[in-house]
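Following: one structure in structure tokens, then a few remarks.
The values are calculated or read from the model by the stated rules, or taken from the named source; none is laboratory data. All figures in this text were calculated on a predicted structure; none of them were measured in a lab. A quick note on method: Cβ atoms are made from the backbone with ideal geometry, for glycine too, and the neighbour counts reach across all protein chains shown.
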Amino acid sequence: MTGTRTAPRRKVLISGASIAGPTLAFWLNRYGYAVTVVEKAGTLRSGGYPIDVRGTALEVVQRMGILSKLQDAHIDLRRLTFLDEDGSEVVSLNPHAVTGGVEGRDLEVRRGDLTDALYSAVRDDVEFLFNDSIDTLDQSGNGVDVTFRGGGRRTFDMVFGADGVHSRTRELLFGPEEQFHRYLGYCFAVFTVPNTFRLSRETVMWNSPGRAAALYAAGNNDEVHAFLNFAQPEPPFDAFSDPDAQRNLVATVFADAGWEVPGMLAAMRTAGDVFFDGVSQIHLPRWSSGRVALVGDAAYAPSFLTGQGTSLALVGAYMLAGHLADRDHVEGFAAYEQNLREFVTMNQGLAGKGGATLFPTTAEELEQRNNRLRTLSAMPPTNGQPAHSALTLPEFTAST
Ligand SMILES: Cc1cc2nc3c(=O)[nH]c(=O)nc-3n(C[C@H](O)[C@H](O)[C@H](O)COP(=O)(O)OP(=O)(O)OC[C@H]3O[C@@H](n4cnc5c(N)ncnc54)[C@H](O)[C@@H]3O)c2cc1C
């Protein structure tokens, strides 16, 4: 009797089907794992402000075969205009001058276009469980025993938390979020409003000390993304789980604001896609414990001030899966952390540089920012922030 005995595929569970989750699923499936993804929402969540894919992350999407699809979806924002409190123009410039992105290379796409592309790349090869989530994790046996909120119970070789900045997996593993949450002093709300402003592929941002209101026309001429960001010294914990409290807080903070803000506040009351959160980062001493590891915002959210949340999620998922291609979880998780930490630290560090100074809290700082922006308009195009490309992606091969 002959025949090769194939080892049973190792079974893994990923919590979260946004950016990090499907990317990790794609690569683990490629390396021979049997992958299940559990997502608490009923379907893929497509909303949100457009997101950037830059530097090293471009190489990840290229290796996944979805770069050209994303290039087709690229928004190609042409102008970023800053307004004073009275609505007069401060300066209008090329958006890359502010973001540090590279024209013609870096991508900005609707969040939904990216999640769709990632999901399409894995949906036929991976099991998706929507409308469910992990309830408990037990690592006392030879694997991870998982119970699901929906009542199921299964055992996996490894479990991954790709469930965002407020990760439940992280809480199960390491305890409450407060220990790892670094609040950066702002809150924001984004939602879509009808494009009654005749804007096209441009962003207009109004500022007063401690407050910013922006309209972002991403190309679809019927709708624009409204963005309201404000300084809030302490995180408004009561509002995080209460959509009415979020809307009331935003309305109070912007009550006396001019320009288009009154219309934006009125639209926010009925918008169905308001995304509200504090601006914060996640810093963890370790990204794994036993057979469970974290990836993307759950492990190292950098905040939108860096514009690097999505790129870190893509690169982090690629690196985590790659280090498990031919290793067990002990070696693989250690190598993932060792080879990604520096890249994460550099990118989280961007929040302290350009990002926070975009939203000054005093009149004097706002004037200084405006002067800086005026000089930026005369600068040549950038080659990108070194942090965006600070990692050269290794090639990984599955063990046979
Ligand atoms: C609907 C939505 C809109 C967003 N809009 C913006 C935006 O406008 N601006 C911005 O800067 N960032 C936004 N983000 C965050 C941005 O997508 C992330 O910063 C970044 O892309 C990192 O991705 P991630 O996959 O690590 O985490 P996320 O994109 O946050 O994805 C986490 C996923 O896990 C799911 N999830 C959460 N808890 C559980 C659970 N207990 N069980 C199972 N699944 C769970 C969530 O539904 C989500 O699909 C948004 C995220 C979402 C989900």
Report whether or not S311 is at pLDDT below 95 and within 13 Å of the ligand (Cβ to nearest atom). no
The condition of being of a type outside the set (F, W, Y) and either more than 23 Å from the chain's Cα centre (by Cα) or assigned to a loop (DSSP other than H, G, I, E, B) (or both) holds, among G316, G349, G384, G322, only for G384
Just one listed residue, out of G309, G290, G332, G316, is in the same structural domain as A20 (by TED's automatic domain parsing), farther than 26 Å from A390 by Cα and either small (G, A, S) or crowded, with 24+ Cβ neighbours inside 10 Å (or both), and it is G290
Residue check for T203: hydroxyl-bearing (S, T, Y) and touching a Leu at 6+ places or on another chain (Cβ under 6 Å): yes
Suppose we keep only residues that are at pLDDT 95 or above and over 11 Å from A17 (Cα atoms) within segment 104-121. Which one would you say is nearest to the ligand (Cβ to nearest atom)? L114
Residue count for segment 257-283, restricted to those that are aromatic (F, W, Y) and within 15 Å of the chain's Cα centre (by Cα): 2
With the structure loaded, tell me whether E337 is surrounded by 14 or more Cβ atoms within 10 Å (Cβ to Cβ), charged (D, E, K, R), modelled with pLDDT of 90 or more and within 26 Å of the chain's Cα centre (by Cα) or whether it fails that test. yes
Can you name the residue in segment 283-308 that is of a type in the set (F, W, Y) and modelled with pLDDT of 95 or more and, of all such residues, is farthest from the ligand (Cβ to nearest atom)? W287
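Conditions (1) surrounded by fewer than 23 Cβ atoms within 10 Å (Cβ to Cβ); (2) in contact (Cβ under 8 Å) with a residue 60 or more places away in the chain; (3) touching a strand residue (DSSP E or B) at 6+ places or on another chain (Cβ under 6 Å), marked per residue:
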residue	(1), (2), (3)
P235	yes, no, yes
A239	yes, no, no
A245	yes, no, no
A251	yes, no, no
Q281	yes, yes, yes
G296	no, yes, no
S303	no, yes, yes
